[in-house]
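Please read the structure below before turning to the comments.
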Amino acid sequence: MRGQLCTLTTAVRALGICGPSRQLRLLPQQAKNKPACTITSQAPVCPFKQHHPRHSLPRPAKNHQGVGRGRAAYTTEATVTGDPTVHGVFEPTTGTWQYVVADPATWSAVIIDPVLDFDSNTQAVGTQAADSLLDLAANRGYKVDRILETHMHADHLTAASYLQSRLAKEHGYRAPIGIGRRIGNLQRSFGQRYGIPAEEYEGVFDDLFGDDETFGVGMQTAMVIHLPGHTPDHLGYKIGNNVFCGDSLFHGDIGTARCDFPGGNDVKIWTGHDYPPAGRETAQPYMSVGDHKEQNKYFKGGVTEEQFVAMRKERDAHLAQPKLLHQSLQMNIRAGRLPKPTETGHRMLHLPLALKGVEW
């Protein structure tokens, strides 16, 4: 159903014990009744730099209907022939940028890295963020022809299958879900780890892209770029003068895994996440390649490969496990489909126990 909620419950939560599985319980969606608003940037100048070319600045959004409370939205209209219109919608709970990318000539659009809402306090999963993307597309007159994933996320639950289901039910067509061809290795690995039958994750993605493969977005040409490092299956999508890089590259004051994208310094790199540090209150969807070369703390100023590796190892050694790691992996190898119900009608997600050397 449209706008359904899922709740994960466990009987041992009050004891602080991580149980081996959790139950998914479907509830009527209430989030759609909440008022929607658009959070726009108060400062049109990118905070990373005192001066920017005008074409490289994110433009504060118009009042997009359907963008949920607390979600920032940016729109960059096509300024040169061959460039798409890009709408970035920020999901603040997971710090994720979601994108609706459209060809202004045909109104054909793709959605990149959509998010399901998740409340870690109530264990509720909802669809308000995903619904807002379809509302934005409908208000602009777009036809969503594809749903794209940059990789198998470990920090949020994908809304890809939910969006595909809504489009099929309401508009009569099944928008294919695309991801990199290396996803199969991760599906098998994590399927075995969590005890998920292969039938629940095989064939859930419609398009398995190869390196440098191209496909159309209306009259635009999108190219697939392999971006390993964050995850083995990670890729980016280059559409016009824009690269949607997922989690492989963050902003200059946060850091990055790599920055070797093709093209000139004016190419826009749209990130998958943003976690604004102290001194920068507003989430930003992109920086240019040139800005990254000058400002990104992981490789500006002639950082050597050895220095980069040392910085990454130091940083990674102190990073906590993603809060939604187990929920995300189990849902995302299924392309966001719900687990099949048990004989009693319950939908389960499993949580591995971390034993401290004692078994009984």
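Filter segment 102-120 down to the residues that are of a type in the set (Val, Ile, Thr) and within 28 Å of Pro322 (Cα to Cα), then identify the one that is surrounded by the most Cβ atoms within 10 Å (Cβ to Cβ).
Ile111
For segment 185-237, which residues satisfy the criterion of being touching a residue at least 40 places away in the same chain (Cβ under 8 Å), part of a loop (DSSP other than H, G, I, E, B) and closer than 21 Å to Ala175 by Cβ?
Matches in segment 185-237: Tyr201, Val204, Phe205, Gly218, Met219, Asp233.
Being surrounded by 19 or more Cβ atoms within 10 Å (Cβ to Cβ), modelled with pLDDT under 95 and more than 14 Å from the chain's Cα centre (by Cα): is that true of Arg193 here?
Spelling it out, it is not the case that Arg193 is surrounded by 19 or more Cβ atoms within 10 Å (Cβ to Cβ), modelled with pLDDT under 95 and more than 14 Å from the chain's Cα centre (by Cα).
One line per residue, one yes/no per condition, for (1) under 18 Å from Thr150 (Cβ atoms); (2) in contact with a strand residue (DSSP E or B) (Cβ under 8 Å, 6 or more places away or on another chain); (3) modelled with pLDDT of 90 or more:
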site: Glu200; (1), (2), (3): no, no, yes
site: Gly240; (1), (2), (3): yes, yes, yes
site: Phe244; (1), (2), (3): yes, yes, yes
site: His251; (1), (2), (3): yes, yes, no
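Can you name the residue in segment 101-122 that is farther than 20 Å from Ile225 by Cα and part of a strand (DSSP E or B) and, of all such residues, is modelled with the highest pLDDT?
Looking at residues that are farther than 20 Å from Ile225 by Cα and part of a strand (DSSP E or B), I get Ser108.
What number of residues in segment 175-184 are crowded, with 21+ Cβ neighbours inside 10 Å and part of a helix (DSSP H, G or I)?
Qualifying residue count for the region: 1.
Sort out which residues of segment 118-166 are small (Gly, Ala, Ser) and under 12 Å from the mean Cα position of the chain (by Cα), and write them in order of number.
Within segment 118-166, Ala129, Ala130, Ala154, Ala159, Ala160 qualify.
When the residues of segment 123-169 are narrowed to those that are farther than 28 Å from Asp212 by Cα and of a type in the set (Val, Ile, Thr), which ends up modelled with the highest pLDDT?
Within segment 123-169, the match that is modelled with the highest pLDDT is Thr127.
Given the criteria within 30 Å of Lys313 (Cα to Cα) and of a type outside the set (S, T, N, Q), does His226 qualify?
yes
Residue by residue through segment 133-160, note down the ones that are under 26 Å from Lys323 (Cβ atoms) and surrounded by fewer than 22 Cβ atoms within 10 Å (Cβ to Cβ).
Of everything in segment 133-160, those that are under 26 Å from Lys323 (Cβ atoms) and surrounded by fewer than 22 Cβ atoms within 10 Å (Cβ to Cβ) turn out to be Ala154, Asp155.
Show the residue pairs meeting these rules: Cβ distance below 7 Å; 6+ apart or different chains; first residue within segment 342-360 and within 12 Å of Ile196 (Cα to Cα); second residue of a type in the set (Gly, Ala, Ser) and modelled with pLDDT under 85.
Met348/Ser21; Leu349/Ser21; His350/Ser21
The values are calculated or read from the model by the stated rules, or taken from the named source; none is laboratory data. Just so we're clear, the structure is a prediction, and the values are computed from it rather than from any experiment. Reconstructed Cβ throughout: ideal geometry from the backbone, glycine too, with neighbour counts over all protein chains shown.
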